[in-house]
1. For the stretch 156-200, which whole percent of the accessible surface, found with a 1.4 angstrom probe, sits on carbon and sulfur atoms?
2. Quote the accessible area belonging to Thr228 in square angstrom, nearest 10, computed with a 1.4 Å probe and with ligands, DNA and RNA left uncounted.
3. What do you get for the angle between helix 412-421 and the principal long axis of the chain? Use alpha-carbon atoms, 0 to 90 degrees, nearest ten.
4. Under the definition of Cα pairs under 8 Å and six or more residues apart, what whole-number percent is the relative contact order of the chain?
5. Taking the Cβ-Cβ separation of Ala118 and Ser310 as r and a Förster radius of 45 Å, what is the calculated FRET efficiency to the nearest 0.05?
6. Summarise the long-distance tail of P(r) for the chain by giving the % of C-alpha pairs beyond 30 Å.
7. Please give the peptides 402-413, 520-531 ranked by average Cβ packing (other Cβ atoms within 10 Å per residue), highest first, as a rough proxy for protection.
8. Using a cut-off of under 19 Å, list every residue of the stretch 17-39 whose amide N is near the label point 7 Å from the Cα of His556 along the Cα-to-beta-carbon line.
Amino acid sequence: MNTCAQKEHHADLCVIGGGLAGLTAGLAAARHGCRVVLMQDRPVLGGNCSSEIRMWPLGCHEGWNREAGILEELQLENLYRNPRKNYSLWDSVLFGAALQQPNLELLLNCTCQSAEMASTNRIAAVTGWQLTTYTSHRISADYFADCSGDSILSFLTGAHFRKGREGREEYGESIAPEKADACTMGMSCLLQAQQRQAPSGFIPPAWANRYPSPESFPNRPHDLTDKTFNYWWLELGGTQDTIADTETLRDELVKTALGAWDHIKNHGAHHAENWELMWAGFLPGKRESRRYVGAYTMTENDVRAEGQFSDVIAYGGWTMDDHHPEGLRYPGEPNIFHPAPSPFGIPLRCLYSENIENLGFAGRNISVTHAAMSASRVMNTCALLGQALGTAVFVAYKNGLRDFSALYPAYVPEIQQFLQEDDCYLPRHRRTVAPGCLTAKLEGAEETIRDGVDRDLPGEAHGCLLSCGQEIRYTWDGVKQIRSIRLVFDSDFARETVNSDPVLRWYPMLCNIPAGMEDFHVPATLVKNYRIFWRDAAGQWKQYRAVTNNYQRLNHYVCGLAATGLAFLPMSTWGAEKCHVFSFDFEEGPAALSQ
Ligand SMILES: Cc1cc2nc3c(=O)[nH]c(=O)nc-3n(C[C@H](O)[C@H](O)[C@H](O)COP(=O)(O)OP(=O)(O)OC[C@H]3O[C@@H](n4cnc5c(N)ncnc54)[C@H](O)[C@@H]3O)c2cc1C
């Protein structure tokens, strides 16, 4: 008898789930040199922001505190290649990042369904079923990162987890319900519409729900003149089991969503005459199910106190946006935005299991209470958490630590420094700039070009504004081996220069696409063409790089130059008059891996 194919893989890190958290975890670890297998049960990456679900990734609001790191790199690639914010192109941006990443093996359409334990508190391997190839993939690894949202490995390994809302007394949380319960936030199937030049009709399927009354959707914005609404309130399931009941809920959500579109088009004045439904989701986006219990559980009070932890490795900035568990069945306000500071720090200790030593997690399933999770769950925050976890795995691997808990507190500064070098801002922290750079003679820029802060902070300007053709130069006595050169440009965190529409430009992706929408483009502030020079032992200046068409914020070169000086010369931007450069610095060290 034939059996299904079996494949064995070995990795340093196995990531389960390819939402933004899983993707950035895998990329971060692989970029630092770990061998990574990323297992994702869908054909596309991105989870709730993929074309299968279509939720826009959000986070901090103020502009200066925008999440950077790998997330910003992906979003700038999207602005460059996807001028109409088409979800399939966004999928291709995420797919391309994984596909082109050395050290990362991507297993798509592969569902993690079992785990083998090396001991009661250590995972040896996981197995996933790939539905397109009828193949069973077994991955043995030293570290596992559960970024599945639903915490599949809690169920398979016995890792401690919680579900539902804590009672008010347990952590002294003022926004928690008086008594603990099993309620969560619900899930949603979304819609996407496009405005045409001429009117179009809509005939609902016979099985869609009917909402003929003007009062059908109280407190749920659905007038198409509002550019900011995106059907998130089509929410159900918070009083049921958001894992076991998903398929039944999905059927109801699809009936509800198409019924809602019928209501918008055919019942009442919603300015929808020229709007056409271009996509309806059949895969529910989930908000909440199981949250792991880690070495620390972050609470509402920690969020309110700005998360001032010594082991901060990421930050949030969304409000505590708690939804009513009855979702659409509750006629009152569907959610409450409890204020939260922006940013608030999140500690490393929320990212690894309290009882399974080689299990980490990132995304909506980290170790937080329901109240804190209502803020930490948004996708920009999840992407930062993923990058932090991938970086922590690398530090554990590099230092031969088998157990995540050995990272705290000794290795926290190392993780924080790597994260900041990789353009992840950490509130109240400053990147350490190499001493050789700090003592070099600087010409053409202020000291703020090498102060270890790669963005403007409220009331504090960093970096410098240069004219095109104005050079920054470092020189020193004797020859130094230059290991790397690092530049950070201004990618217009407020996104004021990517489109003239003040509402649409704030959103990384769109829900309803208005007619005649102007294309989005790369932030005008980014330096587009530039050159780097180095001075040799004889004092001769030579060109190291002539970079054209740059559209990234972080530009990092691993070099290996035996130099007596370095210079940076901006040539042009994507439209801004001045070149805003936040950092130009270098690190000494042994010769290069590549040039
Ligand atoms: C309707 C709705 C509206 C929202 N609004 C916003 C918003 O406006 N902005 C915002 O930023 N956030 C929003 N959120 C919250 C946000 O989308 C989630 O909190 C976030 O996506 C969680 O990220 P994650 O990476 O943990 O999980 P996900 O994005 O769900 O990614 C997890 C991935 O793991 C995969 N997976 C699951 N199980 C397995 C398995 N066994 N094996 C392999 N792979 C597996 C899943 O298919 C998925 O791709 C919203 C959520 C919903 C549902």
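1. Of the solvent-accessible surface of the stretch 156-200, carbon and sulfur hold 50 percent.
2. The accessible area comes out at roughly 60 Å².
3. The helix 412-421 is inclined about 80 degrees to the chain.
4. 17 percent
5. It comes out at approximately 0.90.
6. Considering the chain, 54 percent of its Cα-Cα pairs are separated by more than 30 Å.
7. So the order, starting with the most tightly packed, is 520-531, 402-413.
8. Flagged as within label range: 21-36.
The values are calculated or read from the model by the stated rules, or taken from the named source; none is laboratory data. All figures in this text were calculated on a predicted structure; none of them were measured in a lab. No Cβ is skipped: glycine too gets one built from the backbone with ideal geometry, and neighbour counts run over all protein chains shown. Only protein heavy atoms, including side chains, enter the accessible area calculation; ligands, DNA and RNA are left aside. Shrake-Rupley method; radii C 1.70, N 1.55, O 1.52, S 1.80 Å.
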